[in-house]
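The values are calculated or read from the model by the stated rules, or taken from the named source; none is laboratory data. Model, not experiment: these values are computed from the prediction. Cβ atoms come from the backbone with ideal geometry, glycine included; neighbour counts cover every protein chain shown. All accessible areas refer to the heavy atoms of the entire protein, side chains included, with ligands and DNA or RNA removed. Shrake-Rupley method; radii C 1.70, N 1.55, O 1.52, S 1.80 Å.
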Amino acid sequence: MIDLDQGWRTERLDLEPLTADHAAELAPVLDDAALHEFIGGAPLSAEALAQRYAFLAARRSPDGHNLWGNWVMRARDTGNAVGTMQVTMPAGGPGAGPAEVAWVVGLQAQGRGYAREAACGLVALLREAGWTVTAHIHPAHLASQRVARAAGLSPTEEVQDGEVRWVAALS
């Protein structure tokens, strides 16, 4: 089982477990309406992010059915937060259903491969732990499709809320 309270590393990134304390640093990184083009919503204030991150820091849904992993992507060369990586998975383990991953990288840090690097790292960790991995991606979000492909996910015919389900099944 992956330890959701632990950070992990990739070649250029340190991924730290997300806490409410990260809100002030991440608010300006995520404060761009363009980041919501495909997922809807709007940027949150530092105060609203702190509340959301405090809720997510429980690492478990209120009903206990899902586990949540949320990490800050931090570029090791600058020490700057560049985005977030997340997974939602059934509390019953890999046999209870797939782990669903998602990522967001601030506009200033896009185009440097950070999302690809973090997604590949997390998908590898999850697959090593026996999980089938999924992601839901808007059909027009070409950058996220490239990230998903690089992480070993393939599109399916299934569409949910306007997003295509991508899967990396266990071999």
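Would you confirm whether or not the stretch 105-112 contains a residue that is closer than 22 Å to residue 158 by Cβ and not in a loop (DSSP other than H, G, I, E, B)? No; the residues of the stretch 105-112 include none that is closer than 22 Å to residue 158 by Cβ and not in a loop (DSSP other than H, G, I, E, B).
A quick yes/no check of all residues on (1) farther than 20 Å from residue 108 by Cβ; (2) open to solvent by 30 Å² or more (accessible area, probe 1.4 Å); (3) in contact with a Phe, Trp or Tyr (Cβ under 9 Å, 6 or more places away or on another chain):
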| position | (1), (2), (3) |
| --- | --- |
| 8 | yes, yes, yes |
| 31 | no, yes, no |
| 36 | no, yes, no |
| 40 | yes, yes, no |
| 51 | yes, yes, no |
| 56 | yes, no, yes |
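For (1) touching a strand residue (DSSP E or B) at 6+ places or on another chain (Cβ under 7 Å); (2) of a type in the set (Gly, Ala, Ser), each residue gets a yes or a no:
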| position | (1), (2) |
| --- | --- |
| 32 | no, no |
| 42 | no, yes |
| 63 | no, no |
| 66 | yes, no |
| 87 | yes, no |
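I'd like the residue in the stretch 94-131 that is of a type in the set (Gly, Ala, Ser) and within 12 Å of the chain's Cα centre (by Cα) and, out of all such residues, is surrounded by the fewest Cβ atoms within 10 Å (Cβ to Cβ). Walk me through it before giving the result.
Of all residues in the stretch 94-131, those of a type in the set (Gly, Ala, Ser) come to 95-97, 99, 102, 106, 109, 111, 113, 115, 118-119, 121, 124, 129-130.
Cutting the leftovers down to within 12 Å of the chain's Cα centre (by Cα) gives us 99, 102, 115, 118-119, 121.
Details: 99: 26, 102: 17, 115: 25, 118: 26, 119: 24, 121: 20.
That would be 102.
Applying the condition of being open to solvent by 70 Å² or more (accessible area, probe 1.4 Å) and assigned to a loop (DSSP other than H, G, I, E, B) to the stretch 140-171 and asking which residue is nearest to residue 3 (Cα to Cα) yields 170.
A quick yes/no check of all residues on (1) in contact with a strand residue (DSSP E or B) (Cβ under 9 Å, 6 or more places away or on another chain); (2) more than 19 Å from residue 26 (Cβ to Cβ); (3) aliphatic (A, V, I, L, M):
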residue: 107; (1), (2), (3): no, no, yes
residue: 114; (1), (2), (3): yes, no, no
residue: 119; (1), (2), (3): yes, no, yes
residue: 128; (1), (2), (3): no, yes, no
residue: 148; (1), (2), (3): yes, yes, yes
residue: 154; (1), (2), (3): yes, yes, no
